[in-house]
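Asker: Have a look at this one.
The values are calculated or read from the model by the stated rules, or taken from the named source; none is laboratory data. Treat the numbers as computed from the prediction; the structure is a model and nothing was measured. Glycine gets a Cβ as well: all are built from the backbone with ideal geometry, and neighbour counts include every protein chain shown.
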């Protein structure tokens, strides 16, 4: 196989690079070791669009965070994914921490974050009544927002595919060998010859980078555990609530999600195994305690699931974005931990421009900037919904009761490019199985639809990657 | 907008029995809305026997029990719309529903009977630590895949929770060739019926580990192992008691939750103990003309009691649509004490009630050799010796209308347990 | 004389039975009905069960047909009968009560359908 650009990693950063690169007149290919895009860090995080006040001044984190935050609303319209500017709030609980809060405020102002306000405890409570009683001051960031991380990642992937980018899944990179002009990338699905490599491999970005460069990267997987609560609890807070950042990073936050659930987390524990996504009783207790320090009476009894995600923490502490010093045509997007989700669109746009310049490529004449989401009748007005179902009857057959997801939506999720090939892929695209019964009712039917659409046997239907078949063979 | 006398939401055992009884009590125009492609609800996948001893004096399987009611409903020419999901129910009894064939419809109902059933408590709600691989199912999902679709979900199975579906599935999967390694139960007593411990576990030498829970799930793609630990009196795992089972599947049978999304959205009061709507003796919710029965009202152990309760709701709805003028009421709350967790109904209209009313209740822990006492205000009106009562089994007591004669000022009915 | 403590499976009450066996003399106490007495006696002499399962059904609106034995069978025969059940498949339509396998494994019980399944 041959391409101009090979992107390694189908997370939010890889898909963003693919999307912006697909506007240029070049061949773009993306590989991922998993069965679907959005299968690593991008699927399990806080789903926050950070305003950008806390990344240190002058860092790449700050630069791309603020730029990404400013792009996000427009992008959500262009690519039709859920985004809501709900504002975020940093709590300062004690008088002695006030200088620290003011430092954060000033850091934000210096970096150009708009809509920052210092509030007294009373002012903060007036707009967010559930805050802890022990409150001294708060910083309000009006530009703080929430986003659907699956929606964002998959929208960019679909838009890239619409512009001709090719997605190859279940395709693990084994080695990269420098060529005279470009690289030979050895993968589980054969050799790929490419002029440019983009390293967006998340927690494995150090391994990919170190295949070609002597300036070694070292990425630690930092695990964060979360609890997600029922939609009944979704309006417990309206803003995203942080505690003033300390030594331990940003700490636990409490936030509504764009779909109306309540989220609390993450913890932060460095793990040796880059696949270690187990949750632990101790960590879940810790996050429950920490979240309860911020917001009163969080209805943890209404938890519908707990999960964990791994952040790619690079030793240097900052994002590593750009062309590798000792490997021409090898572009890194490594160490993309928080605020990576927010930064991803800006990183994608930036790298795409750099790569186009490197390749001397111009923009396509007939590029597609817009992408429409899978129609969601439950979000339409009653009349619209009735009309839509008249012409699309399969959107009238509910499969997932809890989230009100129809057969039509599930089929469309599988038919899109790149489409869902697993239960988790369906869930991330249309939320079937993401509700309060956690797929208890819809599993059999969703399996059937997947088997039909993919032309496979029920026994081959997987939860996610190969080996996760739902029916255990003899 | 379509107008119907009675709309019944759910065509499972509760909805079917409610429909049949409403017809028998004079309702002409009844519509059942069912989201699945068959009537009978969860009974279709409960292929084991043990249903109907109370109602039909014979032992039937779930599908056979359902078939009796389905025939009744057919013979009575009661209209059923299958594959139809109710999206919304308003307090003035406008039902919005949707199906592939008919699209979105709104129906104004004279009375509504809620019979939506319940769902299983999922892993997430149990906060079980560990990985999230394939191979973790609620017992009912595994049961559906086994008995309706024909797929055995796993080969080496651990079951958490000793609810009846879990016990039944332990036997079912064993018969289909799986090995069930253990059933772990957090509480010091079983959550299921004693007969099921005997015929589903003991018959097949499956160990039941009381006061145990799952403390870890191993395996990144598929379940590879389950760690079980003993728990202390506060249900906390005791370090050092971990046992590892090489299993590929974890089934969860950890309780059922009434499905009251529509009920809540309509604004009906929900009873915190049952998680179902609070009802009067006619099984009417706090929204006039909306009745509830079956597992949406409170989780039952026996379908026979569901049918009985549903017939009561059906009759009440039929009477409601015929009632022209407001009658006199004297609604008295039923209050619980001393280990009775809840009652259904939560209040009794002592003027309008039937001559005999069955009050169903559950206890919060295993109770041995105590007295079940009924008070009208401060008067003890009955006291019954109870050898044993367990949270897994629903209990009942009959209250007669004439027992309220001469008690015009009664404030409270109290049901509880005393030594 | 031998005494055994049993839980009756005759109905959901699950009565605690005490069964005393003295030669051919079997006595049951703790039962609340005749069914319990019968169960107690049988359980210590010749335990039996109703077996329920499902078989493959072709051309039906569902993939599986629930079946049961028409009467109780010897407990020791359950696995032998299950082998027959696994090997069995039927064609839709099938009606409730239809005999699927007559006198299955010589148990004296028929395997019968427990559901109507229409043809697609």
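Asker: Can you name every residue in the range B:55-78 that is under 16 Å from residue B:311 (Cβ atoms) and either touching a strand residue (DSSP E or B) at 6+ places or on another chain (Cβ under 6 Å) or at the interface with chain C (Cβ under 8 Å from one of its Cβ atoms) (or both)?
Answerer: Matches in the range B:55-78: B:65, B:78.
Asker: Same structure, new question: Sort out which residues of the range A:460-473 are out of contact with any helix residue (DSSP H, G or I) (no Cβ under 7 Å at 6 or more places or on another chain), without any contact (Cβ under 8 Å) to a residue 24 or more places away in the chain and either closer than 14 Å to residue A:432 by Cβ or facing chain B (nearest Cβ under 7 Å) (or both), and write them in order of number.
Answerer: Listed by number, the residues that qualify are A:467, A:472.
Asker: Residues that are buried (at least 22 other Cβ atoms within 10 Å of the Cβ), at least 1 per element: which helices (runs of 4 or more DSSP H) completely within the range B:1-107 meet that? Can you show your working first?
Answerer: Values: elements: B:13-24, B:53-56, B:62-75.
Output list reads B:13-24, B:62-75.
Asker: Any chance the range A:83-100 includes a residue that's closer than 21 Å to residue A:431 by Cβ, in contact with a helix residue (DSSP H, G or I) (Cβ under 7 Å, 6 or more places away or on another chain) and in contact (Cβ under 8 Å) with a residue 40 or more places away in the chain? Before you say what the answer is, go through the steps one by one.
Answerer: Quick first cut of the range A:83-100, residues closer than 21 Å to residue A:431 by Cβ only: A:83-84, A:86.
Imposing the further condition that a residue be in contact with a helix residue (DSSP H, G or I) (Cβ under 7 Å, 6 or more places away or on another chain) reduces the set to A:83.
Adding the requirement that they be in contact (Cβ under 8 Å) with a residue 40 or more places away in the chain leaves A:83.
Taking every residue of the range A:83-100 in turn, at least one turns out to be closer than 21 Å to residue A:431 by Cβ, in contact with a helix residue (DSSP H, G or I) (Cβ under 7 Å, 6 or more places away or on another chain) and in contact (Cβ under 8 Å) with a residue 40 or more places away in the chain.
Asker: Can we say residue A:233 is more than 22 Å from residue A:39 (Cα to Cα), touching a helix residue (DSSP H, G or I) at 6+ places or on another chain (Cβ under 9 Å) and surrounded by 21 or more Cβ atoms within 10 Å (Cβ to Cβ)?
Answerer: Numbers: more than 22 Å from residue A:39 (Cα to Cα): yes; touching a helix residue (DSSP H, G or I) at 6+ places or on another chain (Cβ under 9 Å): yes; surrounded by 21 or more Cβ atoms within 10 Å (Cβ to Cβ): yes.
The answer is yes for residue A:233.
Asker: Of all residues in the range A:277-287, which are within 9 Å of chain B (Cβ to nearest Cβ), under 23 Å from the mean Cα position of the chain (by Cα) and outside any strand (DSSP E or B)?
Answerer: A:277, A:278, A:280, A:283, A:284
Asker: Please go through the range B:138-162 and pick out each residue that is closer than 22 Å to residue A:281 by Cβ and in contact with a helix residue (DSSP H, G or I) (Cβ under 9 Å, 6 or more places away or on another chain). Outline the logic, then answer.
Answerer: Narrowing the range B:138-162 to residues closer than 22 Å to residue A:281 by Cβ: B:138, B:158-162.
Hits for the range B:138-162 are B:138, B:159, B:160, B:161, B:162.
Asker: Please tell me if residue C:73 is over 8 Å from the mean Cα position of the chain (by Cα), closer than 15 Å to residue C:105 by Cβ and either buried (at least 17 other Cβ atoms within 10 Å of the Cβ) or at the interface with chain B (Cβ under 10 Å from one of its Cβ atoms) (or both). Reasoning before the result, please.
Answerer: Numbers: over 8 Å from the mean Cα position of the chain (by Cα): no; closer than 15 Å to residue C:105 by Cβ: yes; either buried (at least 17 other Cβ atoms within 10 Å of the Cβ) or at the interface with chain B (Cβ under 10 Å from one of its Cβ atoms) (or both): yes.
Here the answer is no, as residue C:73 does not meet what is asked.
Asker: From B:216, B:232, B:248, which residue is out of contact with any strand residue (DSSP E or B) (no Cβ under 6 Å at 6 or more places or on another chain) and modelled with pLDDT of 95 or more?
Answerer: On the way: B:216 fails: out of contact with any strand residue (DSSP E or B) (no Cβ under 6 Å at 6 or more places or on another chain); B:248 fails: out of contact with any strand residue (DSSP E or B) (no Cβ under 6 Å at 6 or more places or on another chain).
Sole residue among the options that is out of contact with any strand residue (DSSP E or B) (no Cβ under 6 Å at 6 or more places or on another chain) and modelled with pLDDT of 95 or more: B:232.
Asker: Here is a follow-up. For the range B:253-266, which residues satisfy the criterion of being within 14 Å of chain A (Cβ to nearest Cβ), closer than 26 Å to residue B:361 by Cβ and touching a residue at least 24 places away in the same chain (Cβ under 8 Å)? Break it down into steps so the answer makes sense when it comes.
Answerer: Filtering the range B:253-266 down to residues within 14 Å of chain A (Cβ to nearest Cβ) leaves B:253-265.
Pick out the ones that are also closer than 26 Å to residue B:361 by Cβ and you get B:253-264.
Across the range B:253-266, the qualifying residues are B:253, B:254, B:255, B:256, B:257, B:258, B:259, B:260, B:262, B:263.
Asker: Quick one: which strands (runs of 3 or more DSSP E) lie wholly within the range B:117-171 and hold at least 2 residues that are within 26 Å of residue B:277 (Cβ to Cβ), within 17 Å of the chain's Cα centre (by Cα) and more than 9 Å from chain A (Cβ to nearest Cβ)? Explain how you work it out, then say what you get.
Answerer: Values: elements: B:118-120, B:136-138, B:156-160.
Ranges flagged: none.
Asker: Further question on the same structure: Is it the case that residue B:349 is surrounded by 14 or more Cβ atoms within 10 Å (Cβ to Cβ), out of contact with any strand residue (DSSP E or B) (no Cβ under 8 Å at 6 or more places or on another chain), under 28 Å from residue B:20 (Cβ atoms) and outside the structural domain of residue B:5 (by TED's automatic domain parsing)? It would help to see each step written out before you state the result.
Answerer: Numbers: surrounded by 14 or more Cβ atoms within 10 Å (Cβ to Cβ): yes; out of contact with any strand residue (DSSP E or B) (no Cβ under 8 Å at 6 or more places or on another chain): no; under 28 Å from residue B:20 (Cβ atoms): yes; outside the structural domain of residue B:5 (by TED's automatic domain parsing): yes.
Criteria not met by residue B:349.
Asker: Next question, about the same structure. Restricted to the range A:404-419, and to residues that are without any contact (Cβ under 8 Å) to a residue 40 or more places away in the chain and part of a loop (DSSP other than H, G, I, E, B), which residue is nearest to the other protein chains (Cβ to nearest Cβ)?
Answerer: A:404
Asker: Looking at residue B:111 and the list (1) in a strand (DSSP E or B); (2) surrounded by 22 or more Cβ atoms within 10 Å (Cβ to Cβ); (3) in contact with a helix residue (DSSP H, G or I) (Cβ under 9 Å, 6 or more places away or on another chain); (4) within 11 Å of chain A (Cβ to nearest Cβ), which single condition is not satisfied?
Answerer: The single condition residue B:111 does not satisfy is (4).
Asker: Here is a further query. Test of understanding: among B:240, B:192, which residue is out of contact with any strand residue (DSSP E or B) (no Cβ under 7 Å at 6 or more places or on another chain) and modelled with pLDDT of 95 or more? Lay out the reasoning, then the answer.
Answerer: Numbers: B:192 fails: modelled with pLDDT of 95 or more.
Matching residue, one of B:240, B:192: B:240.
Asker: Another question about this same structure. Tell me which residues, restricted to the range A:149-203, are part of a loop (DSSP other than H, G, I, E, B) and over 27 Å from the mean Cα position of the chain (by Cα).
Answerer: A:180, A:181
Asker: On to the next question. Just checking, does the range B:381-399 include any residue being over 30 Å from residue B:27 (Cβ atoms), in contact with a helix residue (DSSP H, G or I) (Cβ under 7 Å, 6 or more places away or on another chain), assigned to a strand (DSSP E or B) and not assigned by TED's automatic domain parsing to the domain that holds residue B:295? Steps first, answer last, please.
Answerer: Within the range B:381-399, the subset over 30 Å from residue B:27 (Cβ atoms) is B:381-393, B:395.
Then drop every residue that is not in contact with a helix residue (DSSP H, G or I) (Cβ under 7 Å, 6 or more places away or on another chain), which leaves B:381.
Filter again for assigned to a strand (DSSP E or B), leaving B:381.
From the residues that got through so far, the ones that are not assigned by TED's automatic domain parsing to the domain that holds residue B:295 too are B:381.
Yes, there is a match, as at least one residue in the range B:381-399 is over 30 Å from residue B:27 (Cβ atoms), in contact with a helix residue (DSSP H, G or I) (Cβ under 7 Å, 6 or more places away or on another chain), assigned to a strand (DSSP E or B) and not assigned by TED's automatic domain parsing to the domain that holds residue B:295.
Asker: A further question follows. Only one of B:105, B:202 is under 30 Å from residue B:315 (Cα atoms) and either outside the structural domain of residue B:312 (by TED's automatic domain parsing) or touching a residue at least 60 places away in the same chain (Cβ under 8 Å) (or both); which? So that I can check it myself, show each step before the final result.
Answerer: On the way: B:202 fails: under 30 Å from residue B:315 (Cα atoms).
Selected residue: B:105, the only one of B:105, B:202 that is under 30 Å from residue B:315 (Cα atoms) and either outside the structural domain of residue B:312 (by TED's automatic domain parsing) or touching a residue at least 60 places away in the same chain (Cβ under 8 Å) (or both).
Listed here are the residues, each with its yes/no results for (1) more than 12 Å from chain B (Cβ to nearest Cβ); (2) closer than 21 Å to residue B:63 by Cβ; (3) at pLDDT 95 or above.
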| site | (1), (2), (3) |
| --- | --- |
| C:9 | no, yes, no |
| C:35 | no, no, no |
| C:54 | no, yes, yes |
| C:66 | no, yes, yes |
| C:77 | yes, no, yes |
| C:82 | no, yes, yes |
| C:111 | yes, yes, yes |
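Asker: Among the residues of the range A:422-443, what is the count of those that are under 12 Å from residue A:462 (Cα atoms) and out of contact with any strand residue (DSSP E or B) (no Cβ under 6 Å at 6 or more places or on another chain)?
Answerer: 5
Asker: For the range B:172-187: of the residues being assigned to a helix (DSSP H, G or I) and touching a residue at least 12 places away in the same chain (Cβ under 8 Å), which is surrounded by the fewest Cβ atoms within 10 Å (Cβ to Cβ)? Write out each step before concluding.
Answerer: First pass over the range B:172-187, keeping only residues assigned to a helix (DSSP H, G or I): B:172-175.
Applying the additional criterion that residues be touching a residue at least 12 places away in the same chain (Cβ under 8 Å) yields B:172-174.
Working: B:172: 24, B:173: 27, B:174: 21.
That would be B:174.
Asker: Still on this structure: Going through the range A:420-448 one residue at a time, which ones are free of Cβ contacts under 8 Å to residues at least 60 places away in the same chain and more than 13 Å from every other protein chain (Cβ to nearest Cβ)?
Answerer: A:426, A:430, A:432 - these are the residues of the range A:420-448 that are free of Cβ contacts under 8 Å to residues at least 60 places away in the same chain and more than 13 Å from every other protein chain (Cβ to nearest Cβ).
Listed here are the residues, each with its yes/no results for (1) touching a helix residue (DSSP H, G or I) at 6+ places or on another chain (Cβ under 7 Å); (2) within 24 Å of residue A:318 (Cα to Cα).
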{"residue": "A:72", "(1), (2)": "yes, yes"}
{"residue": "A:79", "(1), (2)": "yes, no"}
{"residue": "A:104", "(1), (2)": "no, yes"}
{"residue": "A:130", "(1), (2)": "no, no"}
{"residue": "A:154", "(1), (2)": "yes, no"}
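Asker: Could you run through the range A:222-241 and say how many residues are over 14 Å from residue A:256 (Cβ atoms) and either away from chain B (no Cβ under 14 Å) or out of contact with any strand residue (DSSP E or B) (no Cβ under 8 Å at 6 or more places or on another chain) (or both)?
Answerer: 2
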